[in-house]
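Single-structure report; data block below.
The values are calculated or read from the model by the stated rules, or taken from the named source; none is laboratory data. Because the structure is a prediction, the values reported are computed rather than measured. Cβ placement follows ideal geometry from the backbone for every residue including glycine, while neighbour counts extend to all protein chains displayed.
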Amino acid sequence: MEAISYDDIRAAFAETSYHYPNYADVVNNVLKGPSKGKSRRKEYTFADGRTGDIYRLLLLAICEDPPTLKLTVDEIKERLAKFIGQSQLPPTPNLSKNIGHAEAIIKESVLEPDTIDWKEGTLYILDPFLLFYLRWEDGWKKCDKCKITNNAQSFQQKETTL
């Protein structure tokens, strides 16, 4: 019997998330963030050269290793620092507000309200498949200006006007 490699497991997980588009709209909505204040939202440059606002950073922090269904605000800040460094971290009150906005967006975007909860400085991911999807659906992570479409998560480059 042939051993299963990490690449085999990674491919199986990516294939599973690819064929489960239920969270595509949720991720898109979080990446858009709330419409209020969108023009003033800070754009961060990540250590790997990608860019994104606080909502992209939050999703990246959630899916960072090790996988967990419960993150305190301090743990989230530690994970954010891996992408933008300590000096660029938003103040805890601002971050808490952003996490609350992301929670509201997710709850508005899903049929099942028990998906995610932000209580007393701790983020609880109540639906493990949300975490699975965020960790293994790579398209939204690779493209700064992409939108997931519901037809098996094809990513489309957004038109940008100068």
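Working only within region 111-140, note down all residues that are among the basic types (Lys, Arg) and crowded, with 17+ Cβ neighbours inside 10 Å.
Selection gives 135 alone.
Condition first: free of Cβ contacts under 8 Å to residues at least 12 places away in the same chain and either crowded, with 16+ Cβ neighbours inside 10 Å or among the charged types (D, E, K, R) (or both). Now tell me which residues in region 75-110 satisfy that.
75, 78, 97, 107
Kindly list the number of the only condition in (1) under 19 Å from residue 23 (Cβ atoms); (2) among the β-branched types (Val, Ile, Thr); (3) at pLDDT 95 or above that fails for residue 148.
So residue 148 meets the others, but not (3).
Would you confirm whether or not region 3-25 contains a residue that is under 16 Å from residue 101 (Cβ atoms), modelled with pLDDT under 90 and either out of contact with any helix residue (DSSP H, G or I) (no Cβ under 6 Å at 6 or more places or on another chain) or not in a loop (DSSP other than H, G, I, E, B) (or both)? Please lay out each step first, then the result.
Pass one, region 3-25, residues under 16 Å from residue 101 (Cβ atoms): none.
Checked against the condition, which is being under 16 Å from residue 101 (Cβ atoms), modelled with pLDDT under 90 and either out of contact with any helix residue (DSSP H, G or I) (no Cβ under 6 Å at 6 or more places or on another chain) or not in a loop (DSSP other than H, G, I, E, B) (or both), region 3-25 yields no hits at all.
What's the total number of residues in region 27-60 that are among the small types (Gly, Ala, Ser), under 21 Å from residue 110 (Cα atoms) and surrounded by 13 or more Cβ atoms within 10 Å (Cβ to Cβ)? Steps first, answer last, please.
First, pick out the residues of region 27-60 that are among the small types (Gly, Ala, Ser): 33, 35, 37, 39, 47, 49, 52.
Now drop any that are not under 21 Å from residue 110 (Cα atoms), which leaves 33, 35.
Those still in the list that are surrounded by 13 or more Cβ atoms within 10 Å (Cβ to Cβ) too: 33.
Total satisfying the criteria: 1.
Against the conditions (1) modelled with pLDDT of 95 or more; (2) touching a helix residue (DSSP H, G or I) at 6+ places or on another chain (Cβ under 7 Å); (3) farther than 18 Å from residue 127 by Cα, where does residue 33 fall short? Just the number, please.
(1)
Regarding residue 51, is this residue among the hydroxyl-bearing types (Ser, Thr, Tyr) and under 19 Å from residue 126 (Cα atoms)? Full working, then the answer.
Values: among the hydroxyl-bearing types (Ser, Thr, Tyr): yes; under 19 Å from residue 126 (Cα atoms): no.
When the stated conditions are applied, residue 51 does not pass them.
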